[in-house]
């Protein structure tokens, strides 16, 4: 395992940090929100494609070199700093991983180049209730003559309002809750019977409820093994949790730095409020938690690239730690800013709103604690 | 000239492996027993005779202090060679040959601040485990405010004369020598402190063990009455001791947190999840039946994992030459929390099994956990309280200003 970036990864990180700072500052999200764009941002998508950010874990030839999840993690951390709404997590990480892990040669040849060029965006249509429960899938895929007929509804699909393609988690056997009987499908947004209900979300990134009504999918649309889709879905969700954690680390770091600046500039009782020990100790504790979370995220990203056996454990560790961290830091960011933190014109609220979405995606802290315990046999 | 580092390291690994194979006694490759830890010095009894042989052999090679210069008795190894040595030691599950404040704290400070004669005089006996050192820092009136120390050191022309009292001196009753902070100028605070060394057998030195709530006495009150110290035993310059003191505290905090106070395990004591499974029970899926306790144990285990990953990350980054400043305080704070949380969970999971003190009727491992729980309360006090460490992080890492 390595905690030290390669030179190439270091350069990628610098590029991503500069891009987020210069092209996607917080004012960018604010402007998108104020004009009601709800996370739709075709211009940014174009720029990300030009930078090659969509293809960071995809090699030009099969088996060729790429920056790895460690590289993509640097980009996600950078965009987390400014709360940028981009399709990278859904497309460059989740869809690319799902197609790499489960796709046929033909599917890989068709979709991986399109993903790498930024020509197709994806969304993973998984949750059917208000809580992350990846095996609780009731959406039905019934075998017909040439393929399958899909019926069901997916709730709060992140990036679902802006995606060209859906990876739909459906049931070909058994009942909601069963691990066996899950199958993944590639479904175009414009397929007959797909209805996208765009959602205006608290973080201004947007999402969608997606309904599938008698949607016909051919054999070529099956992604990975029939009935054993969980074998693909679970490692994909581990990577998703790790990528989301990297983004949360960036958001936490930025919110913390903003708070620290305020502590060093705001005066009360003739003193900088950062000289008060009660605030100093809370800041120091946040920093300690952040350092620990950074270690977990770095270890999890590196474990995926190294193909280690402990990816699942490290994914749950990273996502739980990052969820707790972003929760703590975003709350403290509002509190330590005092009244100004309650206003819309100041930024702490934006971090807190985004934090709750980040926490909920791919399992919150308690979900991952429970899983960590299970993986450790208690 | 072609210089193949990898080839050299491979050769070193082969030699090391052969040497360890020939020289590490069989019982030194079994898990360490608390009663067989070797601290060295004149009071060392070596209850396991093989531990004496092991210390002598490792000390002769200088491998108790692998990276110290050979001129001072150290191994003279490079970082890379030391990494290989540690890997080979781990491979055969070798016990550490020596536990020593001299190795962990005083030696590194003397290497930086001592003069040539002092290094030659004191370091080799630390490496060989012949001299056991203790640390004279805290005083009854100077705990967290260490620089407020009052132990007087007067210049009497051809010697120094020391009068005062230290407290929380770890193993002062067993140590041969002491490294000690003393006041050489009463008119200023930090700038009036000096760093001095003396023999614990000097007339006027008295160490009295302090009985702790855990029933053990690892610390002493140490009294100095007209103790005469030769002038060449002052390290650095007169009134220049605070800088050495601070540096040494970093070594102390690092050595404490590297082991996490043993917060990720302990000899003969099961983990809280194991005790919970035994004493609380499990549900049909093998989970701890008390969901609330289970969640808190998981939370702790994750904290411990995150802590260990952080130690690893900082080690790797330091090796790669990346600056990792003031991490000692972060890790010391984290290590104390981790070990205290672990012990509280052990006690909770053990239930009434954890409420024994001594004698029959209780599991021996459980009774050690109970003593360990009481002892762990000191973790957030010794070596800089958690509050002081948070101050250090706030001020030196985050740059927050003092109250004006």
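Read-outs throughout are calculated quantities, based only on the coordinates presented, and are distinct from any laboratory measurement. Here the structure is a predicted model, which means the values were calculated and not measured. Note that we place each Cβ from the backbone using ideal geometry, even for glycine, and neighbour counts take in every protein chain shown.
A compact table of results
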{"item": "Debye-sum result for chain A in log10 I(q)/I(0), which assumes one identical scatterer on each alpha carbon, at q = 0.08, 0.14 Å⁻¹", "result": "-0.40, -1.20"}
{"item": "On Cα atoms only, tilt of A:68-81 relative to the major axis of chain A in degrees", "result": "50 degrees"}
{"item": "Hypothetical label at residue A:344: residues of segment A:22-51 whose amide nitrogen lies under 15 Å (7 Å Cα-Cβ projection)", "result": "A:30-38"}
{"item": "Inter-site label distance for residue B:145 and residue B:237 at 7 Å from Cα along Cβ, in nm", "result": "2.8 nm"}
{"item": "Mean shadow area of segment B:5-99, taken as a quarter of the surface of its Cα convex hull (nm²)", "result": "6.2 nm²"}
{"item": "Coarse-grained scattering of segment B:275-404 at q = 0.14, 0.16, 0.17 Å⁻¹, given as base-10 log I(q)/I(0) from a Debye sum over alpha-carbon atoms", "result": "-0.79, -0.92, -0.98"}
{"item": "Kirkwood Rh, angstrom, segment B:300-355 [1 / mean 1/r, Cα pairs]", "result": "12.8 Å"}
{"item": "Angle in degrees between helix A:277-306 and the longest Cα principal axis of chain A, rounded to the nearest 10", "result": "30 degrees"}
{"item": "For segment A:124-227: rounded, prolate or oblate by the Cα gyration tensor [a/c cutoff 1.5]", "result": "oblate"}
{"item": "Whole-number D in µm² s⁻¹ for the protein assembly as shown, Kirkwood Cα-pair radius fed into Stokes-Einstein, 10 °C, 1.306 mPa s", "result": "54 µm²/s"}
{"item": "Label point 7 Å beyond Cα of residue A:138 along Cβ direction - residues of segment A:144-177 with amide nitrogen under 14 Å", "result": "A:151-155, A:171, A:175-177"}
{"item": "Taking B:34, B:402 and counting other C-beta atoms within 10 Å, the order from fewest to most", "result": "B:34, B:402"}
{"item": "Calculated FRET value between residue A:129 and residue B:292, using beta carbons and R₀ = 25 Å, to 0.05", "result": "0.55"}
{"item": "Rounded, prolate or oblate (a/c below 1.5 giving rounded, otherwise prolate when a/b exceeds b/c) for segment B:133-240 by Cα gyration tensor", "result": "oblate"}
{"item": "Degrees separating the helix A:105-117 axis from the principal Cα axis of chain A, which is the longest one", "result": "30 degrees"}
{"item": "Nitroxide proxy distance, nm - points 7 Å out along Cα→Cβ at residue A:8 and residue B:80", "result": "2.3 nm"}
{"item": "Simple label model, 7 Å out from Cα along Cβ direction - residue B:187 to residue B:19, nm", "result": "5.4 nm"}
{"item": "Exposure proxy ranking, count of Cβ atoms within 10 Å, fewest first, for A:183, A:121, A:195", "result": "A:195, A:121, A:183"}
{"item": "Stokes-Einstein D in µm²/s, Kirkwood radius over Cα pairs - segment A:231-375 at 10 °C with 1.306 mPa s viscosity", "result": "100 µm²/s"}
{"item": "Prolate/oblate/rounded call for segment A:1-98, Cα gyration tensor, a/c under 1.5 rounded", "result": "prolate"}
{"item": "Value at 222 nm in deg cm²/dmol, rounded to 500, when DSSP H runs of n ≥ 4 in chain B each add -39,500 (n - 2.57)", "result": "-13000 deg cm²/dmol"}
{"item": "Cα pair distances in chain B, grouped into 20 Å bins until the bin that holds the longest one, percent each", "result": "23, 56, 20, 1"}
{"item": "Residues B:303, B:275 arranged by fewest to most Cβ contacts within 10 Å", "result": "B:303, B:275"}
{"item": "Mean ellipticity per residue at 222 nm, deg cm²/dmol - from DSSP H runs of n ≥ 4 across chain A, formula -39500 (n - 2.57)", "result": "-16500 deg cm²/dmol"}
{"item": "Euclidean distance between Cα centres, segment A:127-175 to segment A:233-273, Å", "result": "33 Å"}
